[in-house]
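Working notes for the structure below.
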Amino acid sequence: MPFYEYACDPCQTIYKTQHRISEPGPSHCPKCNGGLRKVISAPSLNTRRFNSPTEAKYADLSVSDEIKKEKELQKVYETIWLPDEVKHSPWDRE
């Protein structure tokens, strides 16, 4: 299933979620109950045989430009996964 991003402009938050194309995405922001809009983002295509999407994203940037770009992006929108990311160790037995 593909990942989708929805933005809430009033609280400047981007929600990432995964669902089928036929399923509706979230309609309102969990923080402020405002409306969400679907964010159109480029697919991750690996045309230059990079090892990771991050490496491909920053291939044409110098290290200082890369850091500057990420700091600017982090100032504008907060990114939250819906539902919350699963954080556990694969070695835990419960």
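A few points about this structure:
- Pair list, Cβ < 6 Å and 6+ apart or interchain, from the stretch 13-33 residues that are over 16 Å from GLU78 (Cα atoms) to residues that are part of a loop (DSSP other than H, G, I, E, B) and modelled with pLDDT of 85 or more: PRO26/LEU36
- Residue identified as among the basic types (Lys, Arg) and modelled with pLDDT under 80 among LYS38, LYS57, LYS16, LYS31: LYS57
- Tally, over the stretch 3-24, of residues that are outside any strand (DSSP E or B), within 14 Å of ILE80 (Cβ to Cβ) and of a type outside the set (S, T, N, Q): 1
The values are calculated or read from the model by the stated rules, or taken from the named source; none is laboratory data. A quick note: this is a predicted structure, and the numbers were derived from the prediction, not measured. When we count neighbours, we look across all protein chains shown, and the Cβ atoms used for this are built from the backbone with ideal geometry, even at glycine.
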